[in-house]
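The values are calculated or read from the model by the stated rules, or taken from the named source; none is laboratory data. Quantities reported herein were computed from a predicted structural model and do not represent experimental measurements. Neighbour counts run over all protein chains shown; Cβ positions are idealised from the backbone, glycine included. These area figures cover heavy atoms from the full protein model, side chains too; ligands, DNA and RNA do not enter into them. Shrake-Rupley method; radii C 1.70, N 1.55, O 1.52, S 1.80 Å.
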Amino acid sequence: MPGFVYGASKPEYLEIMEGTVKKSAGLCWLCSHFGIPVEESIAFGDGLNDVDMLQAAGRGYAMANAPAEVRERVAHTAPDNDHEGILAVLQELFDL
């Protein structure tokens, strides 16, 4: 399908997006809008469509339940969703 990006995030899921859509662009826009340097941002994701955002963030975390291909392409891994991975990372980073 020209102009579209598609992939299976799970055996029963097919995700189709317009080819120019990038979550990293959304992250950069949000950071700019709120006056936050993108280098100071934190992002979490568990799908192939999250990789560009995780790589663009100052600290990008793949969830432990993400496919290996996602975890291998980013610098950090958070515990999985069943173990409150986002909360665990935020507590560690901000001494909560």
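Quick one: what pairs do we get from segment 67-96, first residue closer than 20 Å to LEU48 by Cα, second of a type in the set (S, T, N, Q) and open to solvent by 50 Å² or more (accessible area, probe 1.4 Å), C-beta under 6 Å, 6+ apart or different chains?
Pairs that qualify, where the first residue is closer than 20 Å to LEU48 by Cα and the partner is of a type in the set (S, T, N, Q) and open to solvent by 50 Å² or more (accessible area, probe 1.4 Å), are ARG71/THR77; ASP80/ASN65; ASN81/ASN65.
If you go through segment 1-35, how many residues are open to solvent by 80 Å² or more (accessible area, probe 1.4 Å), hydrophobic (A, V, I, L, M, F, W, C) and modelled with pLDDT of 95 or more?
Residues meeting the conditions: 3.
Can you pull out every residue in segment 53-77 that is open to solvent by 60 Å² or more (accessible area, probe 1.4 Å) and either at pLDDT 95 or above or in contact with a strand residue (DSSP E or B) (Cβ under 7 Å, 6 or more places away or on another chain) (or both)?
Of everything in segment 53-77, those that are open to solvent by 60 Å² or more (accessible area, probe 1.4 Å) and either at pLDDT 95 or above or in contact with a strand residue (DSSP E or B) (Cβ under 7 Å, 6 or more places away or on another chain) (or both) turn out to be GLN55, ARG59, ARG71, GLU72, ARG73, ALA75, THR77.
Tell me the residue from LEU87, LEU96 that is aliphatic (A, V, I, L, M), open to solvent by 40 Å² or more (accessible area, probe 1.4 Å) and not in a loop (DSSP other than H, G, I, E, B), please.
Within the list LEU87, LEU96, the selection yields LEU87.
Being part of a helix (DSSP H, G or I) and surrounded by fewer than 14 Cβ atoms within 10 Å (Cβ to Cβ), is that true of even one residue in segment 43-52?
No, because not a single residue in segment 43-52 is part of a helix (DSSP H, G or I) and surrounded by fewer than 14 Cβ atoms within 10 Å (Cβ to Cβ).
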